1. Please determine whether any residue of segment 380-392 is surrounded by fewer than 15 Cβ atoms within 10 Å (Cβ to Cβ) and of a type in the set (S, T, Y).
2. Only one residue in D428, D444 is assigned to a loop (DSSP other than H, G, I, E, B) and modelled with pLDDT under 95, so which one is that?
3. Report whether or not T305 is out of contact with any Leu (no Cβ under 9 Å at 6 or more places or on another chain), part of a strand (DSSP E or B) and open to solvent by 10 Å² or more (accessible area, probe 1.4 Å).
4. May I ask you to list the residues in segment 25-58 that are open to solvent by less than 50 Å² (accessible area, probe 1.4 Å) and assigned to a loop (DSSP other than H, G, I, E, B)?
5. I'm checking my understanding of the structure. Among residues of segment 212-233 that are out of contact with any strand residue (DSSP E or B) (no Cβ under 9 Å at 6 or more places or on another chain) and assigned to a helix (DSSP H, G or I), which one is most open to solvent (accessible area, probe 1.4 Å)?
6. Considering G504, G488, which residue is surrounded by fewer than 22 Cβ atoms within 10 Å (Cβ to Cβ) and farther than 23 Å from V154 by Cβ?
7. Looking at L570, L566 in this structure, which one is buried (at least 24 other Cβ atoms within 10 Å of the Cβ), closer than 30 Å to G360 by Cα, out of contact with any Lys or Arg (no Cβ under 7 Å at 6 or more places or on another chain) and aliphatic (A, V, I, L, M)?
8. Mind checking whether some residue in segment 570-577 is touching a Pro at 6+ places or on another chain (Cβ under 9 Å), modelled with pLDDT of 95 or more and closer than 29 Å to A396 by Cβ?
Amino acid sequence: MKRIFKSIGISLVSVIALLSIAYLFLPKGPRDPMPFQGLTQTEKKLFTATKYAAVTGTPWATKAAIDILEKGGNACDAAVSALLALNVTHGEASSFPGVAPLIYYNSKTKKVKSYIGVGKAPKVATIQKFKDRGFKTVPVMDIWSQLVPASPDVIHSLLQECGSKPFSELMAPAIQLAKEGFPFHAIMVRNLNLSVIKRLGFTILLPYNSEVYLKKEWWRPVHLGDRFVQTDLANTLQELSDAADQESDLKAGYLAARNYFYKGPIAKKIADFHLEKGGLITYDDLSTYSSRWEEPVVGHYKNYTIYGNGSWSQGPLEPLILQILETQDLKSLSHNSAQYIHKVTQAIELAMADREAYLGDPDFVNLPIDTLLSKQYAKKRSKLMTNRAFPNLPPAGKIEGFATNLKQVTFNHFNNMKLIDQFKNSIDLQNGQDTSQVAVIDADGNSVVITPSDFPQTPMIPGTGLNLGNRMNQFHLDENHPSSLQPGKRPRITPHSLIIFKDGHYFMSISTPGGDVQSQAIVQVLLNLIIFNMDIQQAISAPRFYSISAPSAFAPHKFTPAGLRLESDLFTQSADQLALLGYQLEQDPKWDKDYGAVGAILRTDDGKILVAADPREETLADGK
């Protein structure tokens, strides 16, 4: 027996040695480098326009928006074209079928509308099913983490509301970019910069994903500026464009494209793949999928009115945080001093406690949104603020008639899991930052903000280039949690979009990627602008901090009690004093990607349009 084991050991060592030697001779450089001037971690200037403008997560998406506006399209047309281009040029973080929270300002009616841009859990998805497989939280790299797609429905509904251009014209830039390629930018490289072992694991576990992103060459890392072509995705987008072109009527064309996705060949491919791989999504889930427009959540800070997506997102958080801070004298504190950071962090953590206790899909969760967003409630919550860091996330506010559920525990998501599931979850592809953003304003003053997301950590649909993401990962497998998994329910997702009024009139469109940091980043930008009189570019470029004391919205919902991350500028300036206040500190580089990538459009009193892009990512502002 010892001889057998010895022989096996020698054989394994020999195989590993041969593979290692072979690896040394495999090509590892760029395949087809393109001329490229990156924008990530570069100084960006405030852009001024007088007619129209856009800011998006990549320069190609911004160009798509501006081109449509130059051709007479409106904000809705431009936002859709930009979104589709973003789905190609930042598709590893904001995929075409993924989530796409949307908010729309109509300059004629002076009204703001929110669209529910997150899909539903499959009808057979239950907590018990996941527990029967040994999961304590929704897994990361598993087909069971896929949500019914939302973005194609969002696009259709926005165009039915206000589209004025043929779908094929809006789709054309995305198809060209997917077919001809574009250079890998720094954020894509960071998202996909896996070790050779992880690239090999990625290829074994998700072979089609590896084919799309690594071109089947697990030994070759991705390279900045290398051409990235997505032929399958180009073909899929072309099919949708052709379906729309078969209709002579504009709106009938929009519907035809939607039907092609949810009721036609694409739906069949998704359903067949799930059936083959033991997934949860059925053709019925897709063909019956629907969403809707809704009234936005509304909060007030000084003379500003904040409109956000509903409680299925983090849309209520900015009002919750800012209304607590309205009770504090921030102006008397030095900007980003230890005391200032402490005050803002405590407001964030009080709001995060309410997020965990109350926010969820309003079709399933009865929540006291009017009370949560009232000034009286904010004043009551502010009384819990202390001179030291909260040792744990503070308790949620008690509201008569409503139960809270906030468990200050961590979960070990490896317990009772099969070995293959443990291996899958060990391959972490920058989970939590899988989002981008689009904001557009047109010559008539209409504005659209979209915050698309989803990352290729679950099996992509072979032959289509489509990534359904793993957004089910933001459900909890706890029946009492407001974002608990239920059939047909929407998870409470982190992406959300905002429009802000000043003195009763349109003032700003704003959004950011960043997972749990999204609301925190936007609040800091708004305070920089309103309290410290920075221009919007200065407000966005300023260093940030990031509380990590609340359970992560992403499974396994980890957190660090009194945890606070600081970009290096702030760490040098304020870390010693914050440590004395009881914070557990982490230092990150200047303009770090994890701190969001805010894009904002602001209209001044004299009619100018100011546009700002975050230096932390490839975000670009442009206009005319």
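The values are calculated or read from the model by the stated rules, or taken from the named source; none is laboratory data. Not measured: the values here are computed from a predicted model. Don't worry about glycine lacking a Cβ; one is built from the backbone with ideal geometry, like all the others, and counts go over all protein chains shown. What goes into the accessible areas is simple: the full protein's heavy atoms, side chains included, and nothing from ligands, DNA or RNA. Shrake-Rupley method; radii C 1.70, N 1.55, O 1.52, S 1.80 Å.
1. Yes, some residue in segment 380-392 is surrounded by fewer than 15 Cβ atoms within 10 Å (Cβ to Cβ) and of a type in the set (S, T, Y).
2. Working: D444 fails: modelled with pLDDT under 95.
Just one listed residue meets the conditions, D428.
3. Spelling it out, T305 is indeed out of contact with any Leu (no Cβ under 9 Å at 6 or more places or on another chain), part of a strand (DSSP E or B) and open to solvent by 10 Å² or more (accessible area, probe 1.4 Å).
4. Those that are open to solvent by less than 50 Å² (accessible area, probe 1.4 Å) and assigned to a loop (DSSP other than H, G, I, E, B): G29, M34, G38, L39, T40, T42, K44, Y52, G57, T58.
5. Just the residues of segment 212-233 that are out of contact with any strand residue (DSSP E or B) (no Cβ under 9 Å at 6 or more places or on another chain), to begin with: 212, 214-221, 230-231.
Of the ones still in play, those that are also assigned to a helix (DSSP H, G or I) are 212, 214, 231.
On the way: V212: 16, L214: 5, T231: 79 Å².
This residue is T231.
6. Just a single option satisfies the conditions, and that option is G504.
7. Working: L570 fails: closer than 30 Å to G360 by Cα.
Going through L570, L566 in turn, just one is buried (at least 24 other Cβ atoms within 10 Å of the Cβ), closer than 30 Å to G360 by Cα, out of contact with any Lys or Arg (no Cβ under 7 Å at 6 or more places or on another chain) and aliphatic (A, V, I, L, M): L566.
8. yes
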